[in-house]
Ligand code: PA5
């Protein structure tokens, strides 16, 4: 298990003095984090989570996963933002983006409550028809509109099919330990509940029941994930010179101060797509405030070389790339000789697809750096459970340190409220009556 920061392609963009120049600031940011003396210090539970978690609840998560696997063809995961992205990222990375199409003895998993689009919901509803299903509703606040709406629909579906008593066996709620609408509803209905600790914010919660229950249902080894995260917790306490997490935070801030205000997370593996969505939420909600922040974007190559490649090579010079270089793919494909060679591809005979993918990586990194795009490389041996846990912790800590370097509170998200207040007012939610007519007048 390892992750290595490779800065070989940064020489033309960042010099050694810049890294030593920012080092004291990173050390101060890291100390502030560990001393719990910085902004948002009541949301630092994730820092020690890999070694300090509720073992009893962890066993309950595994037991619930076993039960869901034994009685369900489908698990419906209801949640939005930090309450679903981590689980989906893990399942797609560790199993496959085509997880539901694999031959397997675990339930299919569908994610709802992450949008309000009726078509998507209707499709999932019809997929459940004639199938046995369970529901894991996840919301820390317990009041987020998107999952609450979806849960109203799926709760009724479960009750209609299995009755109120049956629903107790099939609805699992992951929420606050004592507060909120979802907690109250679950206690009233007698559902099994799992806790999102008070001091762990949504986007830092993948290593709690939020992520672990769906991940375990998909047949992933959650013990190995926690082992990987625990190793990262230890490794990334090292001093700056021996700490790739701190160096990564330093480098992205050096680049930001030079006008590189967009970070593109790059991978060469479609199973990394939702992991990139998770990274975007983590960094976007943590850093994008007070009119500051690196805009987190993502691409999958070589796919997006045919869509975004032109811009990256020659468009506005505002971005840097962070490439997650997964050294060993889960499987490989050997290219055979074709006697006719009508496609002209025999020069690749006896080659593995993974080698072709690596040449695409090498060719791209040379082209992009020559085109003026700094490239940071994060080398990961493979997509094992341990490495997933390791990578999650790496990004979480880098994000926290990076946020402190930027001078923002990485653990709040006040800006998310603006759209909600408008939407509630426009929908006529009690308590928002005052704003309704003013907003409607603006809309004309
Ligand atoms: O990171 C966050 O805090 C947010 O993205 C939340 O996870 C998201 O808004 C969902 O909130 P909740 O779990 O309260 O429904």
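See the values below:
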| quantity | calculated |
| --- | --- |
| Residue 90 outside the structural domain of residue 381 (by TED's automatic domain parsing), at negative phi and surrounded by 16 or more Cβ atoms within 10 Å (Cβ to Cβ) | yes |
| Of all residues making up the stretch 403-428, the number that are within 15 Å of the ligand (Cβ to nearest atom), closer than 17 Å to residue 291 by Cα and surrounded by 14 or more Cβ atoms within 10 Å (Cβ to Cβ) | 7 |
| Members of the stretch 76-104 that are in contact with a strand residue (DSSP E or B) (Cβ under 8 Å, 6 or more places away or on another chain) and within 16 Å of the ligand (Cβ to nearest atom) | 76, 77, 78, 79, 83, 84, 87, 88 |
| Residue satisfying condition, being in contact with a strand residue (DSSP E or B) (Cβ under 7 Å, 6 or more places away or on another chain) and at pLDDT 95 or above, within set 286, 267 | 267 |
| Any hit, the stretch 132-143, residues being surrounded by fewer than 16 Cβ atoms within 10 Å (Cβ to Cβ), within 21 Å of residue 106 (Cβ to Cβ), in contact with a strand residue (DSSP E or B) (Cβ under 9 Å, 6 or more places away or on another chain) and not assigned by TED's automatic domain parsing to the domain that holds residue 390 | yes |
| Sole residue being without any contact (Cβ under 8 Å) to a residue 24 or more places away in the chain and within 14 Å of the ligand (Cβ to nearest atom), chosen from 156, 177, 140 | 177 |
| Residue check for residue 372: on the phi > 0 side of the Ramachandran plot and surrounded by fewer than 21 Cβ atoms within 10 Å (Cβ to Cβ) | yes |
| Residue in the stretch 237-249 that is within 18 Å of residue 386 (Cα to Cα), within 16 Å of the ligand (Cβ to nearest atom) and either under 21 Å from the mean Cα position of the chain (by Cα) or outside any helix (DSSP H, G or I) (or both) present | no |
| Residue ID - farthest from residue 208 (Cα to Cα), chosen from residues in the stretch 393-444 that are without any contact (Cβ under 8 Å) to a residue 24 or more places away in the chain and not in a helix (DSSP H, G or I) | 444 |
| Subset of the stretch 302-322 (residues that are assigned to a loop (DSSP other than H, G, I, E, B) and either touching a strand residue (DSSP E or B) at 6+ places or on another chain (Cβ under 6 Å) or within 18 Å of residue 372 (Cα to Cα) (or both)) | 308, 315, 316, 317, 318 |
| Residue satisfying condition, being over 25 Å from the mean Cα position of the chain (by Cα) and away from the ligand (no atom under 16 Å from the Cβ), within set 132, 108 | 132 |
| Subset of the stretch 205-236 (residues that are within 16 Å of the ligand (Cβ to nearest atom) and either surrounded by fewer than 21 Cβ atoms within 10 Å (Cβ to Cβ) or under 19 Å from residue 383 (Cβ atoms) (or both)) | 206, 207, 211, 212, 214 |
| Yes/no for residue 32 being over 27 Å from residue 136 (Cβ atoms), more than 26 Å from the chain's Cα centre (by Cα), part of a helix (DSSP H, G or I) and at pLDDT 95 or above | no |
| Residue in the stretch 162-171 that is in a loop (DSSP other than H, G, I, E, B) and away from the ligand (no atom under 14 Å from the Cβ) present | no |
| Only one of 182, 149 that is surrounded by 18 or more Cβ atoms within 10 Å (Cβ to Cβ), out of contact with any helix residue (DSSP H, G or I) (no Cβ under 7 Å at 6 or more places or on another chain) and within 14 Å of residue 113 (Cβ to Cβ) | 182 |
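The values are calculated or read from the model by the stated rules, or taken from the named source; none is laboratory data. This structure is a prediction, so every number in the text was calculated from the model and none was measured. FYI the Cβ positions are ideal-geometry reconstructions off the backbone, even for glycines, and counts take in every protein chain you see.
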